[in-house]
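Just so you know, all these numbers are worked out from the coordinates, no wet-lab data involved. Remember, it's a predicted structure, so these values are computed and weren't measured experimentally. Cβ coordinates were reconstructed from backbone atoms using ideal geometry, including for glycine residues, and neighbour counts include every protein chain displayed.
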């Protein structure tokens, strides 16, 4: 997170203080834990660039509002990650143990809820009433996407198409990663967000997520920073798997489904290595990368047109550079 | 829940519709599930009576605001219960299986988060900016109380005094049950809430929770509606247990601590029956009821004085009748 945003987060969240009960100090340390692990801060960066494209000058009162909106997005991501890690029983987050692995599910669940409330306090500090429906829409859509993803896992649902996957990631990833940051930036500048931000952001959000799914399988572990193959072990439905399943030989498909019905700890390493080979050989990984490229190209074209109406073209160009870099990222 | 509030909840939450994806219909049914199980609606009742005491006329624009504030409290309680039930791995809620027992932890956790966001939407509908810091304070304090309660269980902490218990329940129960409903009612009427609502509400909230703890041990199962002894099986720190531990014979204390270190399913039924007998014989249950009575008496006296400044004395009298009934309840 940028230093100016990190300072606002520290200002907003209660500081652990030796004069408090030790248990409350623990809660306050838990609230700061994920925010201080240093996420990439892509969403807040996109929001702040969008605000600058719409005429918000760093240092102005409107900039202060934009900074609090950026803190809102950062806190949103962090409470969602705490709860996602519980739902997926993830081992790690940003190179350290997931919060519930250190403190147990009950305390981590409650800390996520507390951080959710502080997110709304950050939004109140932004003092921009037009932002409230944006944040509500963002949470509602993200929760729907998360529900689709989790319901498919819970119900062992593999009878899914690439279109199902795209609907899920548009809800789960695209709104909070692209659509809402872009819209909030325009609103911070006093502009009505261009309607094309919706289609541009959903295409780009899907492209980023598919790229992430590809890196999760074939990325460089050092660069990527997450466990390679982690999505497979967690049984995540990805475009790669759904495309592969469409044409997979019956014997491979049977082995795959048997492995997917096992908990992570019981999955067979050799079978997972075989599966990874099949996915690459089948062309499903290349197909997914191609779909990501198509979405990125369409999203960039739409976004380029949408930003033509922005008053500060230099910041607009930085937005396009940021999102096209993300669509091609290795990490 | 009152029919007028239930209608607003239905208006606010998305309706499951056969035209939607089946998974999303499931999410929307999950959101409605706890709110439609028919809680007692004590907090919303207290808020609406407080609003009337402060001059809000049913049917007025201010009444509409008060109704949305009441919906906010109801949705708060419902998302908190979904998450509490996960944290405690409770079996039942209001006579039906807890949400995560039917749908699994990941989907229930996410549904609780989604309901939390709809709570903020209800608050926006109330269109009363002065209510926002009240709701933030309520969630922050409740999360702190919940954290104390859960941290003691997680860390097997029994080195606690009655004062620790009272601090925990004031945070966990009193704010959202009494203090904030009273304050929101005054604010809905355009009045600054009397400062005595704080001390009155924390005393009354503690009284209600201690009464609930007593009923959980010695209540009439039919009337009480929850499993008698459930708190013991879940290892909840109660005033009764902490008082008993202060003077418990060493052998009883050893049996108790050994049982408390076991998961619920492995607790020994005979030992739990013995424990219940010791608690009653020791006078710890009677002591807790006495503390509850003292808190109720002090809270009622403070509240009576605070409400003397309210313009509508008839509604003020109804508030006093409601809270004194709750302090003596059998169910």
Label 7 Å beyond Cα on the Cβ vector: residue A:325 copy-to-copy distances, nm: 6.4
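Work out the FRET efficiency for residue A:313 and residue A:293 from their Cβ-Cβ distance, taking R0 = 25 Å, and round it to the nearest 0.05. Don't skip to the end; give the middle numbers.
Values: r = 26 Å, r/R0 = 1.03.
The computed FRET efficiency comes out at 0.45.
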Shielding of A:20-27 by partner chains, average beta-carbon count, 10 Å: 5
Once the label point is placed 7 Å from Cα along Cβ, list for residue A:253 the distances to the corresponding points in the other copies, in nm, shortest first. 6.6
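Compute the FRET efficiency between residue B:273 and residue A:40 as 1/(1 + (r/R0)^6), taking r as their Cβ-Cβ distance and R0 = 41 Å, and round to the nearest 0.05.
Working: r = 56 Å, r/R0 = 1.38.
The computed FRET efficiency comes out at 0.15.
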What whole-number distance in Å separates the alpha-carbon centres of region B:165-192 and region B:310-331? 15
Out of B:126, B:163, B:315, a Gaussian network model of chain B with alpha-carbon springs under 10 Å gives the largest mean-square fluctuation to B:163
For region A:204-242 and region B:68-117, what is the separation of their Cα centres, given in Å? 31
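Mind running the shape call on region A:3-327? Use the C-alpha gyration tensor, a ≥ b ≥ c as the square roots of the eigenvalues: rounded below 1.5 for a/c, prolate if a/b tops b/c, oblate otherwise.
On the way: a/c = 2.27, a/b = 1.26, b/c = 1.79.
Taking the square roots of the gyration eigenvalues as a ≥ b ≥ c, region A:3-327 is oblate.
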Where does helix B:131-154 land angle-wise versus the long Cα axis of chain B, in degrees 0 to 90, nearest 10? 10
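Before anything else, pin down the relative contact order of chain A: Cα pairs under 8 Å, at least 6 apart, normalised by residue count, whole percent.
Averaging sequence separation for qualifying contacts and normalising by length gives 21 percent for chain A.
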Which distance in Å, rounded to a whole number, links the C-alpha centroids of region B:247-278 and region B:10-58? 40
Among A:35, A:162, A:16: highest mean-square fluctuation, GNM of chain A, C-alpha pairs under 10 Å: A:16
Nearest 10 degrees is fine. How inclined is helix A:250-260 to the longest principal axis of chain A, computing both from alpha carbons? 50
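Stretch residue B:157-residue B:304 to full length: gain in nm at 0.36 nm per residue minus the Cα-Cα span? It would help to have the intermediate numbers written out before the result.
Details: separation 147, 0.36 × 147 = 52.92 nm, distance 3.79 nm.
Between residue B:157 and residue B:304, full extension yields an extra 49.1 nm.
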Given the -39500 (n - 2.57) contribution per DSSP H run of 4+ residues, what per-residue ellipticity at 222 nm results for chain A, rounded to the nearest 500 deg cm²/dmol? -22500 deg cm²/dmol
Output, in nm with one decimal and in ascending order, the distances from the residue A:159 label point to the matching label points of the other copies (7 Å from Cα along Cα-to-Cβ). 5.8
Looking at chain A as a GNM with Cα springs under 10 Å, which of A:148, A:26, A:115 has the largest mean-square fluctuation? A:26
Nearest 10 degrees, 0 to 90: helix B:42-53 Cα axis against chain B principal axis: 40
